[in-house]
Amino acid sequence: MEWRTEIEAARARIAGHARVTPVARLTLGGHTVEIKLEQMQHTGSFKARGAFNTLLSVDVPAAGVVAASGGNHGAAVAHAAASLGHPAHIFVPEVAGPAKIALIERTGATCHVVPGLYADALEAARAHEAQTGAMQVHAYDAVSTVAGQGTCFAEWDAQGLEADEVLVAVGGGGLIAGALAWWQGARRVVAVEPEQSRALNAALEAGAPVDVPVSGVGANALGAKRIGSICFDLAQGMDSVTVPDDAILAAQRLLWQEARLLVEPAGACALAALLCGAWQPRGRVAVLVCGANPAPDPLGAAA
């Protein structure tokens with residue numbers, strides 16, 4: 001796979017559809033870091049990149065698209081589908097929470113709330129695909145999704161990223177797979193996962209993707225039961241750390257208190273590794289801030 005060619009093609013394809021998100025250099029908790037504010041992307045996460053790349057790469061059937069999601073992917077697919085004129089059915093687990101469910105519904109998509117976790121929503125989405133002929137847009141384990149997420153890192157390079165190492169939160173692995181596919185060893189990419197949702201960390205320990213239990217504050221965004229095969233193949237030999245929930249919540253508070261950045265726990269997960277010492281920097285460090293959909297929606301009552 002010529003990943004950099006795929007990512008460059010994706011970057012050209014989604015231009016004008018996905019936002020170019022800003023970057024900054026901040027001192028947070030005593031650490032000077034370069035950050036990319038991907039929580040400012042459409043629907044509040046990087047997921048819009050992969051969604052637009054997927055839908056712009058194919059002929060979408062009349063039945064439209066279907067996706068399973070912990071919330072952010074579903075919102076991104078719903079937004080991309082609405083922007084391009086396609087119907088969308090989004091399946092989310094109950095743990096997605098009311099704020100993300102409302103975000104999906106505001107796009108005009110049909111949102112199906114499924115008892116259980118992400119794996120249960122994925123099973124229901126696959127049943128809908130089989131019944132209707134709708135096109136499945138996978139949250140993380142598809143070439144078009146990974147190439148779309150990789151545009152975030154190509155864009156960051158073009159914005160003058162200087163860091164030697166980049167910390168990236170991991171759920172199913174689409175985002176960090178995009179980073180690994182783009183940089184191919186040119187920068188150290190560090191995987192950061194919650195201790196209670198550690199699909200990549202467990203897979204690297206086991207030597208193969210394995211099912212893991214999912215819980216904790218980041219479960220509705222980082223709660224994949226099993227790491228994607230594309231990510232696992234790209235991640236061999238990489239650095240992987242886990243962080244406790246209290247460190248994630250502390251990073252979330254710090255981003256608000258010191259930088260007035262309002263993010264969900266998953267969006268603060270990568271920074272948590274730096275603040276709690278789970279990752280000790282070996283050079284200039286950067287952090288991707290990836291999600292801005294906390295539950296409950298802080299302005300929901302006023303919207």
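Each reported figure results from applying straightforward, stated rules to the coordinates on display, with no laboratory input. Quick caveat, the model's predicted, so the values are computed rather than measured. Note that we place each Cβ from the backbone using ideal geometry, even for glycine, and neighbour counts take in every protein chain shown.
Classified by the C-alpha gyration tensor, segment 47-136 has an oblate form. Its axis ratio a/c, with a ≥ b ≥ c, is 1.5 or above, and a/b does not exceed b/c. Anisotropy class assigned to the chain is rounded, per the alpha carbon gyration tensor with a/c under the 1.5 cut-off. Here the Karplus curve 6.51 cos²θ - 1.76 cosθ + 1.60, taken at θ = phi - 60°, turns the phi angles of segment 73-85 into couplings of 5, x, 5, 5, 5, 4, 5, 5, 4, 4, 4, 9, x Hz, with x standing for Gly and Pro.
Could you give the size of the charge dipole of segment 1-143 about its Cα centre, using +1 on the Cβ of each K and R and -1 on the Cβ of each D and E, expressed in debye and rounded to the nearest 20?
On the way: 11 positive and 12 negative charges, 103 e Å.
For this selection, approximately 500 debye.
Taking 0.36 nm per intervening residue step and subtracting the Cα-Cα distance, what contour gain separates Ser229 from Leu249 on full extension?
On the way: separation 20, 0.36 × 20 = 7.20 nm, distance 2.93 nm.
That works out to 4.3 nm of additional length.
For the pair Leu56 and Glu8 in one chain, pulling the backbone fully straight at 0.36 nm per residue adds 15.9 nm over the alpha carbon distance. Which of rounded, prolate, oblate describes segment 196-303, given a ≥ b ≥ c as roots of the alpha-carbon gyration tensor eigenvalues and a/c under 1.5 marking rounded, otherwise prolate only if a/b is larger than b/c? Verdict is oblate for segment 196-303. For the pair segment 40-58 and segment 251-276, the centres of their Cα atoms are 23 angstrom apart.
Placing pseudo-labels 7 Å out from each Cα toward the beta carbon at Arg19 and Glu162 gives an inter-label distance of 2.6 nm.
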